[in-house]
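First up is the structure itself, then whatever we jot down about it.
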C-alpha cells in the first residue's frame with residue numbers, strides 16, 4: 001500500500017501506477033515553473049476601488065506581512081496544475097489501479113468532514129473506484145490560499161488533506177488494520193499488526209521556535225505562522241504515536257529545511273532540494289533496504305461492488 005497527502009498524493013499515485021522515481025523527478029522539474037507561475041494581480045471593479053488598491057496593498061503588507069492580492073484570491077491558478085496532472089494520469093480511474101493499494105486523504109469542506117480516497121481494497125467501500133484519479137489529486141493538492149478548491153461530484157468542494165493528515169502514515173496503518181479484518185482469505189494472506197512495517201518519507205520540515213510578543217499576540221502575528229505550526233505538529237504527533245505503536249517497524253525519513261524561504265512554492269531551491277533528497281536517501285538506504293525493497297508484495301486483488309474479489313492481478317515489483 002502507498003499513501004500520500006498533497007504533493008505526496010501525487011507521488012503516491014505515480015508509484016501506484018508504476019511510474020519510476022526518475023520520471024517523478026522530471027515531472028516536478030518540468031511542470032513546477034508552470035504550476036507556480038505568478039498569478040495576475042487581483043482586479044477590483046469600479047474606479048474608486050482601482051484608485052485605492054495601491055494604498056490597500058501597501059497597508060496589507062505593512063500590517064500582516066502578506067500581499068493584498070493573496071487575501072483576495074488564491075496565490076496560483078488551478079489550470080496549470082490540472083493540465084500537469086491530467087498530462088500524467090489522463091482519464092485513469094481510481095478503480096483502474098491494480099499495482100498496489102492507494103490511499104489519499106483530503107477534506108470535504110462542503111460536507112464538513114475528512115475524507116480518504118482509496119482503491120477498492122475493502123469490501124463495501126467502493127465509492128471512489130469511479131472517480132478520476134486526476135480529480136482526486138486536484139483535491140488533495142488544493143492547499144487553501146495557494147490553489148482553488150476542487151469540485152468533486154455535483155456540489156462537493158474538497159481541499160488539501162494536509163489540513164488533517166500532513167503525515168498520512170497513521171491513516172495507512174489504520175487502513176492496513178481494516179484490510180486485515182476484512183481480507184478475503186482465498187487470495188489475501190493473513191497478517192498481524194506485528195507484520196506491518198511503515199516507511200514514512202517526508203518532504204522537509206521547517207524549523208520553528210516562536211516566542212509570541214507580549215501576552216496577547218493576535219492574527220497579525222499568528223496569521224503567517226499558524227498553518228506551519230499546525231502541520232508540523234500534526235506530522236510530529238503521528239510519528240510519536242507510530243513510534244509508540246510500532247517501534248522500529250516505523251521508519252521515518254525526513255530532513256530539516258534550512259530557513260523560511262524554503263516554502264512549498266520556492267522553485268529557486270528546487271536544485272538544492274533534489275540534492276538534499278538524494279543525500280538523505282543515500283544515508284538511509286542501508287537501514288531500510290532489507291525491510292522494504294527486497295521481496296515482492298502479494299498480488300493486489302480489488303473488490304467488486306458486490307464485495308467479492310476480482311481475479312488476481314499480476315504483482316509488479318515491490319511496493320510499501
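Brief remarks follow.
- Full extension of the chain segment joining residue 253 with residue 83 gains 58.1 nm, where the gain is 0.36 nm per residue of separation less the Cα-Cα distance.
- Sites residue 125 and residue 270, calculated FRET efficiency, Cβ-Cβ separation with R0 45 Å, nearest 0.05: 0.75
- Length gained when the stretch residue 232-residue 114 is fully extended (0.36 nm per residue, less Cα-Cα span): 40.6 nm
- Pair residue 75, residue 282: separation of 7 Å Cα→Cβ label points (nm): 3.1 nm
- Considering only alpha-carbon pairs that sit under 8 angstrom and 6 or more positions apart, the relative contact order computed for the range 200-285 is 49 percent.
- Each peptide in 258-267, 110-119 gets a packing score, the mean of other Cβ atoms within 10 Å over its residues, and the list from highest to lowest is 110-119, 258-267.
- Cα gyration tensor shape for the range 106-217, rounded if a/c is under 1.5, else prolate or oblate: oblate
- Site pair residue 261 and residue 179 shows an inter-label distance of 4.2 nm when each label is modelled 7 Å from Cα along Cα→Cβ.
FYI, it's all coordinate maths here, none of it is from the lab. In this text, all values refer to a predicted model and were calculated from it rather than measured experimentally. Cβ sites come from the backbone with ideal geometry, for glycine too, and all protein chains shown count toward neighbours.
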